[in-house]
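Notes follow the structure.
The values are calculated or read from the model by the stated rules, or taken from the named source; none is laboratory data. Computed from a predicted model, the values in this text were never measured in an experiment. All Cβ positions, even for glycine, are placed from backbone atoms using ideal geometry, and neighbour counts span all protein chains on display.
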Amino acid sequence: MSSGLNRLTDLEKPATEDARLKRIQTALKRYDARPDALIEILHIVEESYGYVPLWMMALLAKEMKVPPSRIYGVVTFYHFFSLKPKGEHTCVVCTGTACHVRGSQRVLNDIEDEFSVRAGETTPDGKLGLQTARCLGCCSLGPVTVIDNEIIPKSEPEKIVALIHEKAGI
Amino acid sequence: MNASFTITIDNQSVEATPGESLLEVCRKANIPLPVMCDFKGLSPVGACRLCLVEIEGVPKLLPACTTLVAPNQAVHTQSDKLRKYRRMIIELIFSERNHICAICVANNNCELQKMAYELGMDHVRFPYLTPVCEVDASHEKYVMDHNRCILCTRCVRVCSEIEGAMTRDVMGRGFDARIITEFKQPWGDSTGCTSCGKCVQVCPTGALTPNDAAQGRLKKNPELVALLIEKREAKP
Amino acid sequence: MNLQQLNQISESVQEKHGSCLKRVGVCCGAGCISSGSTAVVDSLKSAVKAKGLEDKVEIFPTGCMGACNQGPLVKVDTFNETIYQKVDAENAVQIIEQHVLQDQVIPSMLLFSDSDPEPKVRADENSFFQKQVKVVLENCGLVNPESIEEAIHAGSYMALHKVLTSMKQEEVIYEIKKSGLRGRGGAGYLTGLKWGIVAKFQNAIKYVVCNGDEGDPGAFMDRSVLEGDPHRVLEGMLIGGYAVGAGKGYLYVRAEYPLAIKRFEQAVKQARSFGFLGKNIFETNFEFDVEIRVGAGAFVCGEETALVASIEGKRGVPRPRPPYPAESGLWGKPTLINNVETFANVPPIILSGHHWFSKIGTSKSTGTKVFALTGKINHTGLIEVPMGTTLREIIFELGGGVPEGKRFKAAQTGGPSGGCIPAQFLDTKVDYENLVSLGSIMGSGGLIVMDESSCMVEVARYFMEFCMDESCGKCVPCRVGTKQMHDLLNKICQGEAASSDLELLEALAPMVKETSLCGLGMTAPNPLLSTLRYFREEYRAHIIEKRCPAGVCKMKTAQNKKKARV
Amino acid sequence: MKKKIGTVWLGGCSGCHMSLLDIDERILDVAALADIVKSPVVDSKEFPDVDVAIVEGAIITDQHLTEVRHIRAHSKILIALGNCAVTANVPAYRNRVTKEEALKCAYVDASSNDSAGQMPDSPELGKLLDRVRPLHEAVKVDYYIPGCPPSADLIFYVLSELLNGRTPNLDKEKLKYG
């Protein structure tokens, strides 16, 4: 019953190095690999890779001298960091209170039904990642949806579904 | 060394030294207080909330394990409200995962079970949440059954504070929080674990056990760890 | 940098303004940007360029103007203040051609022209603005937040100059204490007292933290202040740093607020190059620097001990208080933690004095409060009113009441830690104590209006789900208690609950409130308790009649119901 | 007038009833104060009106549910006897999976079955409920005697207290779950 556990091989760094890795190394240097900069560096990892790969955690643990368990604990504590690659396109439905009372649940339900994907998951083809946000702070414009970093105010379910079709090409 | 002073606990005068916690003072004075997460010698975390006490003049309940003594403190450890709340807290713990004693290796040698007797829990009012948790039996000597874990974090603390291996931490949050070994690997794969077994000894439930323990036959020896901590604290 | 240089900068800005025919501000708060204000800026700029008027007409971005759901907003002439609403790239050109060049107001585009039969040429004549008193938002919506010169022209760093050159530390703290300013982020602890505690530690390394982890869903006050007037927040932190004797500050801000992060980063960079940060600030011995820490999506990090852990790069897990961060915070050092709005109140108090400030508001809750007005209300947006303004004034006068002729049901304040206030208390004066006595809290200032189409049981379930998801999992009452309460509320919403479930809820709520380790758990039962207090009949309808009066909850079908009650 | 006792065995292993029998000769003390009018070892059709109902086992099927409701309606005092009745205990392990999975596991996939394992569908059999649950989630329970099984001494203690008009008190010395 250890299906949810990670294997040692997951920790191995891929052979090829690229600009993304260089970016992380620059950041490590800039912060002097101080342990308190862990979250800042994880932000850069998430931005560069779209998620936090296990091998990257292993690398950070070594460079920053932070225990592996602590890094894993931090990554899984904050909802901004993901353990799996995100979809090619992302759709974030704000479920903050103001959006909630104005019907964000319907928007979310319609997207889930239309694209057979649950909030927090990515479609099997990797095209669309669906997420929810607790509040984007655009409460006057609710319900708010963000598709590929574009904020759609006063979202109507049908329009959002159509827009995702258009943008993600699915 | 600062001069000691007296405080009252349950209308009884007790001597206290600055810097001591209320729990330490209670222990010295043999005043019983329920605790689950605390372990003498490990840093207190105030997580289980069983040792909450009332202090006169303080509007909120405070955990004895992390609250320091202060001159003229008047503390009450037993009140109807505290008893009611403690009972509810222990029920919440039992409702959270699988604590079916009848088929647990820790049966009759379990701090959690003993605490529930102590607090008079004859049944659990809250629905059992029964999440399906992992059982990690990959270690050559020990088993971790997350179904029995109450997230007291004694294992995390003993590993980092006493053994110094820091193989353990908590991942996730809320109801989904779990104890992990390194990068959430099988315990047996851990490169940092020294297999010292201190975590097993201090675990208050059947979550961490030797893998050869039969139901009800488990013997844990937390006193050994307590003694070890004492020895290490003593100046040579 | 010294006073003379400061004045010079201000004068040259003044000169530049004077040479302008008109100045046109475009709201570039997050709300208006998402409604398309960036395109409006571009369009206005090219229209001006086409007329060859680049030197005569200044087009500049501003912070939030307030009436967010009417955006994008464009304000023409900062003196005569006409606001146009719902501007897009096309009709923006009209503003240049008619208003800017010919002084002709365009009535069909005026703010609130779609609901007000007589739209106001002067924006501040709208009821939305009339009862507002702007202290914190003084410059927000007027000044280009990306320009430090403009900020200086609007008075920024004058208060810092005053404290550094003419006030002792204890005088600054005295001023803040006497002003009666209370923390704007939550329970309303006296700011001056907190400053005093941090200041009393001698010879220690100390820190200042500005809490911008505005986690309450439905609240965007801090976001707007950071976006609209970042220098004011920075100045407040500097003054705090001087008063308590700290040399380093952190702004902790939510990752969900990229624009606020960008503007504040910019402000820090500018302040550094102008000598407001670094060594020998205003030619004194005071030195201070600021770092930004970006949150990563954890509501509990708004709790100050969790915030401290998060800045240290750890899991945002709270620890028991005492010791308070004022005694032992970042890396165990005395740390002053105030939220964005609190710091933003500091410069005007220093400049105008505690007498002026304490005259605003009520005797126990002085000053103003910024609210984010959202939900089922006509004029959603950002407002600032004196403490003690009634809910009725806020919702019906400023907010224009409930849309579509529906009946007002409740006002929710304080987010997941607050409560729902029903219609019979609309005339309550909003201050810290009154809200607590009604079972809610001030919180950071989200005010969400609900009408008859909102189900209060569902609202309680929604907030409990929020708290359950955001519980860090450290202490038992919060970790398991919120989960149990959520499951029970879910059962009620699905028409599957019995009266005994309500009894369990009522036993759990006070226990979780009293025994949880931190503010999140202690306040998690508030929405449940306040809806039970004021809307008990709705709970009854769900449990006994298996019916949702507002028609929101989907009850399981009659057949399922039978099975469910089993 | 002599009191009436009824006992019943729902979703459990009968171990608690064995323990009840283990009160041995003390049964005479009980018999002096009460008649056992219904029990798995006393033959009668329907559960009659009683003063004290002793219920062993968890609620697993719809039949259990109907029965425990009937018993509640016909008894003055209802006692949950043993861990299955008090906590749902071992039967509740099934709550980790759906009832369909549980049935399939027991009747189709289990290695002791031949390859033609079939789901039982006799109308005589109760239908599994979605969740196994303890008694108090279905009816009001007056007294709880946890234990797997509870000791004969404890059962006798509770019975003699109740039959003598006293309130049994299960303090920490008497409580036992395992």
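Considering only residues that are within 14 Å of A:ILE164 (Cα to Cα) and among the hydroxyl-bearing types (Ser, Thr, Tyr), look in the range A:100-142 and name the one that is nearest to the other protein chains (Cβ to nearest Cβ).
The qualifying residue nearest to the other protein chains (Cβ to nearest Cβ) is A:THR122.
Yes/no per residue for (1) at the interface with another protein chain (Cβ under 9 Å from one of its Cβ atoms); (2) in contact with a Gly (Cβ under 7 Å, 6 or more places away or on another chain); (3) among the aliphatic types (A, V, I, L, M):
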residue: D:GLU137; (1), (2), (3): yes, no, no
residue: D:TYR143; (1), (2), (3): yes, no, no
residue: D:ALA152; (1), (2), (3): no, no, yes
residue: D:TYR157; (1), (2), (3): no, no, no
residue: D:LEU163; (1), (2), (3): no, no, yes
residue: D:THR167; (1), (2), (3): no, no, no
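Just wondering, is there one or more residues in the range C:307-320 that are of a type outside the set (D, E, K, R) and modelled with pLDDT under 95?
Yes; the residues of the range C:307-320 include at least one that is of a type outside the set (D, E, K, R) and modelled with pLDDT under 95.
Scan the range C:381-429 residue by residue and report those that are in contact with a Cys (Cβ under 9 Å, 6 or more places away or on another chain) and of a type in the set (S, T, N, Q).
Listed by number, the residues that qualify are C:GLN412, C:THR413, C:SER417.
Table: residues versus (1) modelled with pLDDT of 95 or more; (2) assigned to a helix (DSSP H, G or I); (3) charged (D, E, K, R); (4) not assigned by TED's automatic domain parsing to the domain that holds C:VAL385.
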{"residue": "C:PRO117", "(1), (2), (3), (4)": "no, no, no, yes"}
{"residue": "C:VAL135", "(1), (2), (3), (4)": "yes, no, no, yes"}
{"residue": "C:LEU142", "(1), (2), (3), (4)": "no, no, no, yes"}
{"residue": "C:ILE152", "(1), (2), (3), (4)": "yes, yes, no, yes"}
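Would you confirm whether or not the range B:88-102 contains a residue that is at the interface with chain D (Cβ under 8 Å from one of its Cβ atoms), surrounded by fewer than 19 Cβ atoms within 10 Å (Cβ to Cβ) and under 23 Å from D:ALA58 (Cβ atoms)?
No, the range B:88-102 contains no residue that is at the interface with chain D (Cβ under 8 Å from one of its Cβ atoms), surrounded by fewer than 19 Cβ atoms within 10 Å (Cβ to Cβ) and under 23 Å from D:ALA58 (Cβ atoms).
Out of curiosity, is C:LEU193 of a type in the set (A, V, I, L, M), in a helix (DSSP H, G or I) and free of Cβ contacts under 8 Å to residues at least 60 places away in the same chain?
Here the answer is yes, as C:LEU193 does meet what is asked.
For C:GLY399, state whether it is closer than 27 Å to C:PRO72 by Cα, among the small types (Gly, Ala, Ser) and either touching a strand residue (DSSP E or B) at 6+ places or on another chain (Cβ under 9 Å) or in the same structural domain as C:LEU111 (by TED's automatic domain parsing) (or both).
yes
Does C:ASN91 count as without any contact (Cβ under 8 Å) to a residue 12 or more places away in the chain, assigned to a helix (DSSP H, G or I) and outside the structural domain of C:PRO230 (by TED's automatic domain parsing)?
No, not satisfied.
Looking at C:SER437 and the list (1) away from chain A (no Cβ under 14 Å); (2) free of Cβ contacts under 8 Å to residues at least 40 places away in the same chain; (3) buried (at least 20 other Cβ atoms within 10 Å of the Cβ), which single condition is not satisfied?
Of (1) away from chain A (no Cβ under 14 Å); (2) free of Cβ contacts under 8 Å to residues at least 40 places away in the same chain; (3) buried (at least 20 other Cβ atoms within 10 Å of the Cβ), only one is false for C:SER437: (3).
Among the residues of the range C:207-217, are any part of a loop (DSSP other than H, G, I, E, B), more than 14 Å from chain A (Cβ to nearest Cβ) and hydrophobic (A, V, I, L, M, F, W, C)?
No; the residues of the range C:207-217 include none that is part of a loop (DSSP other than H, G, I, E, B), more than 14 Å from chain A (Cβ to nearest Cβ) and hydrophobic (A, V, I, L, M, F, W, C).
Enumerate the pairs (first residue in the range D:129-147 and in contact (Cβ under 8 Å) with a residue 60 or more places away in the chain and of a type in the set (Phe, Trp, Tyr); second residue anywhere and assigned to a loop (DSSP other than H, G, I, E, B) and surrounded by fewer than 19 Cβ atoms within 10 Å (Cβ to Cβ)) with beta-carbon separation below 7 Å, excluding pairs fewer than 6 apart on the same chain, so at least 6 apart or on different chains.
D:TYR143/D:PRO168
Here are the criteria: (1) among the hydroxyl-bearing types (Ser, Thr, Tyr); (2) surrounded by 15 or more Cβ atoms within 10 Å (Cβ to Cβ); (3) away from every other protein chain (no Cβ under 12 Å). Tell me which single one D:SER112 does not satisfy.
Here D:SER112 meets the rest and fails (2).
Given the conditions (1) modelled with pLDDT of 95 or more; (2) not assigned by TED's automatic domain parsing to the domain that holds C:GLY192, report the number of the one that C:SER363 does not fulfil.
(1)
Residue by residue through the range C:5-49, note down the ones that are of a type in the set (Asp, Glu) and either in contact (Cβ under 8 Å) with a residue 24 or more places away in the chain or crowded, with 20+ Cβ neighbours inside 10 Å (or both).
Listed by number, the list holds a single entry, C:ASP42.
Within the range C:161-210, restricting attention to residues that are farther than 26 Å from C:ILE311 by Cα and among the charged types (D, E, K, R), which residue is farthest from the chain's Cα centre (by Cα)?
Checking each candidate, the answer is C:LYS168.
Considering only the range B:176-196, how many residues are surrounded by fewer than 19 Cβ atoms within 10 Å (Cβ to Cβ) and either away from every other protein chain (no Cβ under 14 Å) or aromatic (Phe, Trp, Tyr) (or both)?
The number of residues fulfilling the criteria is 2.
When you scan the range C:474-518, how many residues do you find that are closer than 26 Å to A:THR76 by Cβ, free of Cβ contacts under 8 Å to residues at least 60 places away in the same chain and not in a helix (DSSP H, G or I)?
Count: 2.
For the range D:124-146, enumerate the residues that are crowded, with 23+ Cβ neighbours inside 10 Å and out of contact with any strand residue (DSSP E or B) (no Cβ under 7 Å at 6 or more places or on another chain).
D:PRO146
Among A:GLY103, A:GLY96, A:GLY126, A:GLY120, which is the only one that is more than 16 Å from the chain's Cα centre (by Cα) and on the phi > 0 side of the Ramachandran plot?
Result: A:GLY103 is the single residue among A:GLY103, A:GLY96, A:GLY126, A:GLY120 that is more than 16 Å from the chain's Cα centre (by Cα) and on the phi > 0 side of the Ramachandran plot.
Within the range A:11-68, track down each residue that is without any contact (Cβ under 8 Å) to a residue 12 or more places away in the chain, part of a loop (DSSP other than H, G, I, E, B) and under 17 Å from A:LEU83 (Cβ atoms).
A:PRO53
Considering only residues that are touching a Lys or Arg at 6+ places or on another chain (Cβ under 8 Å) and more than 7 Å from every other protein chain (Cβ to nearest Cβ), look in the range B:128-138 and name the one that is surrounded by the fewest Cβ atoms within 10 Å (Cβ to Cβ).
B:PRO131
Table: residues versus (1) more than 9 Å from chain C (Cβ to nearest Cβ); (2) in contact (Cβ under 8 Å) with a residue 12 or more places away in the chain; (3) among the small types (Gly, Ala, Ser).
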position: B:TYR117; (1), (2), (3): yes, no, no
position: B:ILE150; (1), (2), (3): no, yes, no
position: B:GLY164; (1), (2), (3): yes, no, yes
position: B:VAL170; (1), (2), (3): no, yes, no
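Which of the following residues is of a type in the set (S, T, N, Q), without any contact (Cβ under 8 Å) to a residue 12 or more places away in the chain and under 30 Å from C:THR515 (Cα atoms): C:SER328, C:SER365?
Sole residue among the options that is of a type in the set (S, T, N, Q), without any contact (Cβ under 8 Å) to a residue 12 or more places away in the chain and under 30 Å from C:THR515 (Cα atoms): C:SER328.
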